[in-house]
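This is the structure I have questions about; it appears just below.
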Amino acid sequence: MQIKDITPGESWACRFRVITFLDDSGAPIMRKNLAIGEAHPGRPGEYESIGVISVRDKEQELVTLVDVNSSQEFVVGWSDCWDVDKVEWVNE
């Protein structure tokens, strides 16, 4: 599937990979407002998960994803996304 095949107005999700800061268990850490010289509490590493696409940029082939596990947003290159499918929302 290509990024241009994603229909606007529909919910789509995909598996993705990104380099980010991780804790010891491999979960992403998002730390904002670090003081000058303060070390980030995580270590850089590759993170893979499933995310819901919230924004897509067809020209630069980037998507903004909301990770279903951590609820964090990641901007990911389309080449690092796979298993793209429509989202079926279910109320529990």
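The values are calculated or read from the model by the stated rules, or taken from the named source; none is laboratory data. Everything numeric in this text was worked out from a predicted model, so none of it was measured. With ideal geometry, Cβ positions are generated from the backbone for all residues, glycine too; neighbour counts draw on all protein chains shown. For the accessible areas, the whole protein counts, side chains as well, though only heavy atoms, and no ligand, DNA or RNA atoms are used. Shrake-Rupley method; radii C 1.70, N 1.55, O 1.52, S 1.80 Å.
Quick one: which of V84, V68 is surrounded by 11 or more Cβ atoms within 10 Å (Cβ to Cβ), farther than 14 Å from Q2 by Cα and of a type in the set (A, V, I, L, M)?
On the way: V84 fails: farther than 14 Å from Q2 by Cα.
Matching residue, one of V84, V68: V68.
Another one. Across segment 71-81, what is the total count of residues that are closer than 16 Å to M30 by Cβ and either open to solvent by 70 Å² or more (accessible area, probe 1.4 Å) or assigned to a helix (DSSP H, G or I) (or both)? Please lay out each step first, then the result.
The first filter runs over segment 71-81 and keeps only residues closer than 16 Å to M30 by Cβ, leaving 71-76.
Subsequent filtering for residues that are either open to solvent by 70 Å² or more (accessible area, probe 1.4 Å) or assigned to a helix (DSSP H, G or I) (or both) retains 71, 73, 75.
The number of residues fulfilling the criteria is 3.
Another one. Looking only at residues in segment 8-38 that are in contact with a strand residue (DSSP E or B) (Cβ under 7 Å, 6 or more places away or on another chain) and β-branched (V, I, T), which one is modelled with the lowest pLDDT?
I29
I'd like the residue in segment 12-26 that is surrounded by 13 or more Cβ atoms within 10 Å (Cβ to Cβ) and not aromatic (F, W, Y) and, out of all such residues, is farthest from the chain's Cα centre (by Cα). Before the answer, list the steps.
Applying the first criterion (surrounded by 13 or more Cβ atoms within 10 Å (Cβ to Cβ)) to segment 12-26 yields 12-18, 20-22.
Still in the running and not aromatic (F, W, Y): 13-15, 17-18, 20, 22.
Numbers: A13: 10, C14: 9, R15: 8, R17: 7, V18: 7, T20: 10, L22: 14 Å.
Restricting to residues being surrounded by 13 or more Cβ atoms within 10 Å (Cβ to Cβ) and not aromatic (F, W, Y), the top hit is L22.
In addition: Give the number of residues within segment 42-92 that are among the acidic types (D, E) and touching a Leu at 6+ places or on another chain (Cβ under 8 Å). Talk me through it step by step, then tell me what you get.
To start, the set of residues in segment 42-92 that are among the acidic types (D, E) comprises 46, 48, 57, 59, 61, 67, 73, 80, 83, 85, 88, 92.
Filter again for touching a Leu at 6+ places or on another chain (Cβ under 8 Å), leaving 73.
Total satisfying the criteria: 1.
Further question on the same structure: Can you pull out every residue in segment 36-59 that is assigned to a loop (DSSP other than H, G, I, E, B) and open to solvent by less than 60 Å² (accessible area, probe 1.4 Å)? Don't jump to the end; show me each part of the working.
At the first step, the residues of segment 36-59 found to be assigned to a loop (DSSP other than H, G, I, E, B) are 36-42, 58-59.
Of everything in segment 36-59, those that are assigned to a loop (DSSP other than H, G, I, E, B) and open to solvent by less than 60 Å² (accessible area, probe 1.4 Å) turn out to be H40, G42.
Can you tell me which condition K86 does not meet? The list is (1) at negative phi; (2) free of Cβ contacts under 8 Å to residues at least 24 places away in the same chain; (3) over 10 Å from the mean Cα position of the chain (by Cα), and all the others hold.
The number of the failed condition is (2).
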